[in-house]
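Report on the following structure.
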Amino acid sequence: MSYAAFYQRSIDEPEAFWAEQARLIDWERTPTQILDESRPPFTRWFTDGRTNLCHNAVDRHLRERGDQPALIHVSTETGREERYSFTQLHEQVQRTAAMLLALGVGRGDRVLVYMPMIPEAVFTMLACARIGAIHSVVFGGFASVSLASRIEDAMPRLVVSADAGSRGGKVIPYKPLLDEALRLSAHQPDAVLLVDRQLAPMERVPGRDHAWETLAERHAGAQVPCEWLDSGEISYTMYTSGTTGRPKGVQRDVGGYAVALAASMKHIFQGAPGETYFCTSDIGWVVGHSYIVYGPLIAGMATILYEGLPIRPDAGIWWQLVEKYRVNVMFSAPTAVRVLKKHDIEHMKRHDLGSLRALFLAGEPLDEPTARWINEALGVPVIDNYWQTETGWPILTLAHGVERQPAKFGSPGLPMYGWRVKILDQATGEELTEPNKKGVVAIELPTPPGFMQTIWRDDERFVRTYWQGIPGRTVYSTFDWGIRDEDGYYFILGRTDDVINVAGHRLGTREIEESVSSHPAVAEVAVVGVADAVKGQVAMAFVVPREAAVLEDEAARLRLEGDIMKTVDTQLGALARPARVRFVGALPKTRSGKLLRRAIQAVCEGRDPGDLSTIEDPTALEQIKGR
Ligand code: AMP
């Protein structure tokens with residue numbers, strides 16, 4: 001079948017289309033009600049079906065491929081390297097499930113996971129899925145204030161963490177960050193479960209903190225059956241940044257997500273059972289949930305969980321793993337490729353990459369030089385894919401599993417089956433049907449399986465944030481600008497809101513501003529994303545100091561810059577730290593007091609700031625230029 005026909009069927013006959021895809025997974029009760037659109041914009045899938053993500057990722061493979069590798073863990077930080085077959089993974093997950101149950105975790109309870117890339121993190125996620133607990137993984141690079149806000153919102157019964165993570169050989173103690181987060185949080189979990197990697201000393205709070213190792217020993221050999229869950233029950237929540245300082249808990253279901261991933265493994269990633277998938281993301285991001293943990297395992301593939309940098313011990317490490325584990329499908333981010341590009345291409349050429357069929361890249365725009373370089377170096381298709389935490393799986397890419405279609409540099413590709421993608425005029429809501437017209441990328445109802453159910457505990461915010469931004473229409477806004485060309489290929493042109501993308505990670509400038517403002521020497525601040533050759537964007541902070549004297553004193557400015565960076569580091573994490581902090585006497589604002597972020601950004605990037613008729617004090621922009 002041509003991809004065009006495949007896509008059209010998913011739009012014209014969504015129930016028949018998705019009922020067919022639903023056969024890719026195991027159900028305890030096969031759904032007969034496929035699509036429920038009775039409460040727009042909430043789309044529900046497979047409503048009377050019952051299944052379990054862990055069953056589909058682990059148990060159902062036991063008979064045919066119990067001895068084949070399921071989880072391959074490699075840490076170039078600690079030198080740990082180990083393989084778990086599906087049978088061994090099944091044992092580990094059951095044992096972890098027994099540990100969670102012993103700590104009082106039940107169906108519907110939240111388990112917050114704040115862990116480095118170690119197998120215990122995957123066991124925990126799968127164990128939650130097994131017993132119907134809701135996991136909420138927080139990226140290990142976040143610090144105490146970010147963590148505290150997520151703990152308060154998720155209200156977990158249990159937090160699972162470790163003594164430390166490690167990055168580039170530098171140990172990052174997690175436990176003190178967690179303790180500080182719990183001190184800040186109004187919500188307290190009943191228990192904390194801690195893996196001791198023996199990387200950093202760890203203090204335990206008696207009665208609250210439990211040692212993973214002790215519990216694991218106690219529950220060795222435990223058998224915990226999968227809890228069959230209604231398709232619409234919650235599998236996980238995952239926090240993402242938006243335009244306010246308060247992160248949103250993106251909530252996902254069980255059945256729809258399982259089907260969406262199984263279908264994407266077949267039609268997009270073309271992964272076959274017994275093969276190996278290597279996704280270099282982190283379990284703290286949606287890509288890690290979908291394509292380190294659930295997607296490959298659901299497809300019966302081995303998945304590589306890699307802790308470390310792409311260039312340590314040298315820039316050949318990933319390719320060495322591709323050769324060693326005969327990786328068939330790889331998934332990474334443009335930033336990582338830009339980092340590798342700075343190193344000798346021989347690192348790549350030295351290895352036998354013959355097993356590799358394709359490299360998928362996502363998370364940020366893929367620029368042409370990067371795409372060309374990696375494409376030539378690897379000699380396999382490099383496939384851009386565009387999606388979001390909210391969508392769970394790609395909206396735009398090429399479905400080579402259905403039909404091989406040519407890629408266009410700079411474009412993630414075509415709308416994937418099930419996604420009703422439109423380009424809309426932001427002001428009028430009108431659809432821009434003519435090619436090459438810039439508008440907001442929007443999605444019409446019904447949203448396909450795998451798309452977020454709602455914002456955790458806040459249906460109203462879900463509707464307001466995503467579905468009411470475009471006048472006169474109930475459509476989902478991606479908050480991205482885009483165009484569609486005459487061949488139907490889409491191009492993504494950046495965010496419509498104040499979200500920035502640093503090395504493929506999404507950060508809200510408001511969150512960073514709030515953190516910078518908490519420094520007592522700061523009167524006012526504006527944070528903008530500025531183009532960066534490697535990271536895509538970096539955050540730049542413009543600060544009006546409380547003491548004007550700072551402006552004239554270079555030593556004081558440097559001191560304060562370092563101090564502010566440290567504040568953001570300890571509150572939000574190094575990821576959010578501004579690349580530079582610049583001091584100015586005033587910030588450019590409109591007469592009504594709105595910050596002119598876009599003008600600031602344009603000036604920083606050496607572009608024309610555009611219409612400045614509303615600016616209150618034109619010298620403010622001059623000062624930014626001067627910095
Ligand atoms: P996140 O929810 O953190 O995955 O971030 C999603 C955002 O990253 C999108 O809304 C886009 O702005 C950007 N993004 C993700 N993938 C791509 C891509 N392939 N091309 C361009 N932008 C992308």
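Every read-out reported here was derived from the displayed coordinates using simple, explicitly stated rules and does not represent laboratory data. This one's a predicted model, so the numbers in the text were calculated from it and none came from an experiment. Please note: Cβ atoms are built from the backbone with ideal geometry, for glycine as well, and neighbour counts cover all protein chains shown.
Net charge near Asp253, counting Lys/Arg +1 and Asp/Glu -1 over other residues with Cβ under 10 Å of its Cβ? Intermediate values should be presented prior to the final figure.
On the way: positive: Arg44, Arg252; negative: Asp230, Glu233.
Charge balance in the 10 Å sphere: 0.
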Practice prompt. Determine which lysines satisfy two conditions relative to Lys349: a Cα distance under 20 Å, and not lying fewer than 8 residues away in the same chain.
Written response: Lys324, Lys341
Worksheet item: Sorted from fewest to most neighbouring beta carbons within 10 Å, what does the list Thr474, Thr570, Thr280 look like?
Response: Thr474, Thr570, Thr280
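Once you've got the Cα coordinates, tell me which of Lys248/Lys437; Lys248/Lys594; Lys170/Lys408; Lys170/Lys266 are over 29 Å apart. Let's see the in-between values first.
On the way: Lys248/Lys437 31 Å; Lys248/Lys594 24 Å; Lys170/Lys408 40 Å; Lys170/Lys266 39 Å.
Too far apart for the 29 Å limit: Lys248/Lys437; Lys170/Lys408; Lys170/Lys266.
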Worksheet item: Within segment 103-124, what residues put their amide N at less than 20 Å from the label point 7 Å along the Cα-to-Cβ vector of Thr78?
Response: 112-124
Discussion item. Given Cα positions, please report Rg to Rh for segment 258-392, the hydrodynamic radius being the Kirkwood one.
Written reply: 0.93
Worksheet, complete the sentence: Mean separation of Cα contacts under 8 Å (at least 6 apart) over the residue count of segment 72-178, i.e. the relative contact order in percent, is 27 percent
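Express the relative contact order of the chain as a whole percentage, based on alpha carbon pairs under 8 Å and six or more residues apart in sequence.
On the way: 1412 pairs, mean separation 76.7, N = 627.
Across the chain, relative contact order equals 12 percent.
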Worksheet item: What is segment 515-627's relative contact order, in percent, from Cα pairs under 8 angstrom and six or more apart in sequence?
Response: 25 percent
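At R0 = 35 Å, how high is the FRET efficiency between Glu15 and Lys438 if r is their beta carbon distance? Nearest 0.05 is fine. Spell out each step's value before the answer.
Working: r = 34 Å, r/R0 = 0.98.
FRET efficiency, Glu15 to Lys438: 0.55.
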Worksheet item: How about Lys342: which lysines have a C-alpha closer than 20 Å to its C-alpha, ignoring those fewer than 8 places off in the same chain?
Response: Lys535
Fill in: Neighbour-count ranking [beta-carbon atoms within 10 angstrom, fewest first] of Lys422, Lys342
Lys342, Lys422
Practice prompt. Could you tell me the distance between the Cα centroids of segment 445-502 and segment 571-589, to the nearest Å?
Written response: 27 Å
Worksheet item: What is the Cα radius of gyration of segment 207-327 over 2.2 N^0.38 Å, N being its residue count?
Response: 1.30
Practice prompt. Please list the equivalent ellipsoid semi-axes of segment 207-275, computed as the square roots of five times the alpha-carbon gyration tensor eigenvalues, in descending order and whole angstrom.
Written response: 29, 25, 14
Worksheet item: When DSSP assigns beta bridges and you keep just the ones with both residues in segment 1-137, what percent turn out antiparallel, to the nearest 5?
Response: 70 percent
Worksheet item: So in the chain, what percent of DSSP beta bridges are antiparallel if you round to the nearest 5?
Response: 60 percent
Worksheet item: So how compact is the chain: Cα radius of gyration and Dmax in angstrom?
Response: 24.0, 73
Discussion item. To make sure I understand, if each residue's beta carbon is the centre and we count other beta carbons within 10 Å, what order do Trp318, Trp27 fall in, fewest to most?
Written reply: Trp27, Trp318
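Please compute the net charge surrounding Ala336, taking Lys and Arg as +1 and Asp and Glu as -1 over other residues with Cβ under 13 Å from its Cβ. List each step's numbers first, then the result.
Numbers: positive: Arg312, Arg338, Lys341, Lys342, Lys535; negative: Asp282, Glu364.
The answer is +3.
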Worksheet entry | Rg in Å to one decimal, and Dmax rounded to a whole Å, for segment 40-85 via C-alpha atoms | 17.2, 50
Item to complete: Divide, for segment 482-579, the radius of gyration over alpha carbons by 2.2 N^0.38 Å, where N is the residue count.
Response: 1.30
Practice prompt. Could you order peptides 299-310, 608-619 by the average number of other Cβ atoms within 10 Å of their residues, highest first?
Written response: 299-310, 608-619
Worksheet item: Once all Cα-Cα distances of segment 72-176 are split into 10 Å bins that start at 0, what whole-number percent is in each one?
Response: 15, 43, 34, 8
Worksheet item: Seen from all sides and averaged, what is the projected area of the convex hull of the Cα atoms in segment 370-448, in nm²?
Response: 6.6 nm²
Fill in: Length released on extending from Ala556 to Val534, taking residue separation times 0.36 nm less the Cα-Cα span
4.9 nm
Worksheet, complete the sentence: The computed P(r) of segment 561-613 puts the percent of Cα pairs beyond 19 Å at 46 percent
Item to complete: Assuming 0.692 mPa s and 37 °C, estimate D for segment 385-491 with Stokes-Einstein, Rh taken as the Kirkwood radius over Cα pairs, in µm²/s.
Response: 228 µm²/s
Discussion item. Can you work out the Karplus-derived ³J(HN,Hα) for every residue in segment 348-356? Use 6.51 cos²θ - 1.76 cosθ + 1.60 with θ = phi - 60°, whole Hz, and x for glycine or proline.
Written reply: 8, 5, 5, 9, 7, 9, x, 6, 6
Discussion item. How much of the DSSP bridge set in segment 148-251 is antiparallel, in percent, rounded to the nearest 5?
Written reply: 50 percent
